[in-house]
Protein chains: 2
Amino acid sequence: MKIYDWRLAPNPRRVRMFLSEKSLDVPLEEVGGENMRLKPDFVARFDPYATTPMLELDDGSCISEAMAICRYFEELHPEPRLLGQDAKERAIVDMWERRAYEGAMFALSEMIRNTHAAFADRGLPGTAEPIRQVADVVERGEGRLRRFTRSFDKQLAANRFAAGESFTVADITAFCALDFLNKGMKVPIPAEFASLRRWYHEVESRPSARASA
Amino acid sequence: MKIYDWRLAPNPRRVRMFLSEKSLDVPLEEVGGENMRLKPDFVARFDPYATTPMLELDDGSCISEAMAICRYFEELHPEPRLLGQDAKERAIVDMWERRAYEGAMFALSEMIRNTHAAFADRGLPGTAEPIRQVADVVERGEGRLRRFTRSFDKQLAANRFAAGESFTVADITAFCALDFLNKGMKVPIPAEFASLRRWYHEVESRPSARASA
């Protein structure tokens, strides 16, 4: 078993941070290449879904999508529970994880992939087919991000973590995206979101945040 | 317990079809209003995430996001299993469900919300904040759809359903999106995708497809 990883990208960090929270050690193979591109042989093998993280099982099956991978490890190693304790909490975690994904991770992808020169003709991740940058998609990403941060700040005013009192994968997705926005793209959390900033600094100080950075 | 539903929209149909496959009967409350808008009191209550489907539990908790709702019912009523039989199959189902969501459901949303007059200033679902239409996002949606259908057709050349021999929620997401594209938006499945067309007609004939239409 191994995971194809891209150290610099925010999406595969979700799985590294998840594994660190569970104290699991899975071999990583770096497939990030030159100029913010994945290595050509990785792209050729998995096109049109050559995305990281990608889990390869011992039988050769390959699983992409960070949450599919996290769910797999949660099932094999349930403790500590990062997807919720019971059916209702799991639904709330899943809801906030999806909001964080679309509102922050997806948003930053729209923002960086449609402006940065390194992503010319790579408007969507993982495919060798040229997909041109669309400058106006940046505005769409910013709209997504604004909606999410406003709403997440309210949620964190009433809850220690995204889905309540326990740290979960919803926090991981939100943190990996907001940390990349802050440190990698110089888009900090607005000062008026005090609860979101309190949460950000708390998560930033977890050992899993440092180990996965 | 009840579900806030929007009969005409493709996304809430996923939950109706899922419940039909499980022979579960959950009360639905229609919140679709005039001119392809949700009713104003629903939007005001849940803004900025006033989206359908929305599950309200007896304790008043509200869960949005179709997959969070499906997962909740899978846990309460495991049979027939629609999320996979074991950890590996569940990961594969989750992977294809996410590809279907982003590659077809999300794609059609980008395509219709950025062109149709009824969605002016509603480029993103569920928020009262005006988010203007961006014509170029349509091209991005078409790129997503092209990638997904090409790849899904290959998957279905080797498998009866999205994730193997069993019908799962990955089929539901893909079908609800492609059926809306075909019948509601007049974007049929291209003729060269023979395996995808075979699958589409097979899923279309399931009782759950008719009951949820």
### Message
Being aliphatic (A, V, I, L, M) and open to solvent by 60 Å² or more (accessible area, probe 1.4 Å) is the filter here; which residues of the stretch B:1-49 pass it?
### Response
B:MET1, B:LEU8, B:LEU28, B:MET36, B:ALA44
### Summary
Screening A:PHE148, A:PHE167, A:PHE180, A:PHE175 for residues that are within 14 Å of another protein chain (Cβ to nearest Cβ) and of a type in the set (Phe, Trp, Tyr) leaves only A:PHE148
### Filtered residue count, the stretch A:143-187, keeping only those that are closer than 24 Å to A:LEU8 by Cα, open to solvent by less than 10 Å² (accessible area, probe 1.4 Å) and not in a helix (DSSP H, G or I)
1
### Query
Pick from the stretch A:65-85 the residues that are free of Cβ contacts under 8 Å to residues at least 40 places away in the same chain and either more than 22 Å from A:SER23 (Cα to Cα) or facing another protein chain (nearest Cβ under 7 Å) (or both): which of them is surrounded by the most Cβ atoms within 10 Å (Cβ to Cβ)?
A:ARG71
### Query
If you check every pair at least six apart or on different chains, which have Cβ atoms under 6 Å apart with a residue in the stretch B:14-41 that is modelled with pLDDT of 95 or more first and a residue that is part of a helix (DSSP H, G or I) and open to solvent by 30 Å² or more (accessible area, probe 1.4 Å) second?
B:SER20/B:ALA211
### Query
Since A:GLU97 meets every condition but one in (1) more than 7 Å from chain B (Cβ to nearest Cβ); (2) surrounded by fewer than 19 Cβ atoms within 10 Å (Cβ to Cβ), which condition does it not meet?
(2)
### Message
Would you confirm whether or not the stretch A:194-205 contains a residue that is more than 23 Å from B:PHE46 (Cα to Cα), in contact with a Pro (Cβ under 9 Å, 6 or more places away or on another chain) and in a loop (DSSP other than H, G, I, E, B)?
### Response
no
#### Entry: Test: residue in the stretch B:122-138 that is more than 9 Å from every other protein chain (Cβ to nearest Cβ) and closer than 28 Å to B:ASP153 by Cα
yes
### Which listed residue is open to solvent by 20 Å² or more (accessible area, probe 1.4 Å) and of a type in the set (D, E, K, R), from A:ARG198, A:ARG140
A:ARG198
### Task
With the checklist (1) open to solvent by less than 30 Å² (accessible area, probe 1.4 Å); (2) in contact (Cβ under 8 Å) with a residue 60 or more places away in the chain in hand, flag the one item A:LEU57 doesn't pass.
(2)
### Message
Quick check on B:LEU156: is it under 21 Å from the mean Cα position of the chain (by Cα) and either of a type in the set (Val, Ile, Thr) or at the interface with another protein chain (Cβ under 7 Å from one of its Cβ atoms) (or both)?
### Response
no
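Quick grid of which residues meet (1) of a type in the set (D, E, K, R); (2) closer than 27 Å to B:ALA174 by Cβ:
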| residue | (1), (2) |
| --- | --- |
| B:PRO10 | no, yes |
| B:ARG14 | yes, yes |
| B:MET17 | no, yes |
| B:GLU21 | yes, yes |
| B:LEU24 | no, yes |
| B:ASP47 | yes, no |
| B:ALA50 | no, yes |
| B:PRO53 | no, yes |
| B:GLY60 | no, no |
### Message
Any residue in the stretch A:177-206 that is in contact (Cβ under 8 Å) with a residue 24 or more places away in the chain sitting within a Cβ distance under 7 Å of a residue that is among the hydrophobic types (A, V, I, L, M, F, W, C) and open to solvent by 70 Å² or more (accessible area, probe 1.4 Å)? List the pairs, counting only those 6 or more apart or interchain.
### Response
A:SER195/A:ALA157
### Query
In the stretch A:112-137, what residues are in a loop (DSSP other than H, G, I, E, B), open to solvent by less than 30 Å² (accessible area, probe 1.4 Å) and touching a residue at least 60 places away in the same chain (Cβ under 8 Å)?
A:GLY126, A:THR127
### Summary
A careful count of residues in the stretch A:54-86 that are closer than 22 Å to B:ARG150 by Cα and outside any helix (DSSP H, G or I) gives 6
### Task
Please tell me if A:GLU89 is more than 9 Å from chain B (Cβ to nearest Cβ), outside any helix (DSSP H, G or I), out of contact with any helix residue (DSSP H, G or I) (no Cβ under 8 Å at 6 or more places or on another chain) and open to solvent by 40 Å² or more (accessible area, probe 1.4 Å).
no
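The values are calculated or read from the model by the stated rules, or taken from the named source; none is laboratory data. Quantities reported herein were computed from a predicted structural model and do not represent experimental measurements. For neighbour counting, all protein chains shown are included, and Cβ atoms are generated from backbone atoms with ideal geometry for every residue, glycine included. We work out accessible area using only protein heavy atoms, side chains counted, and drop any ligands, DNA or RNA first. Shrake-Rupley method; radii C 1.70, N 1.55, O 1.52, S 1.80 Å.
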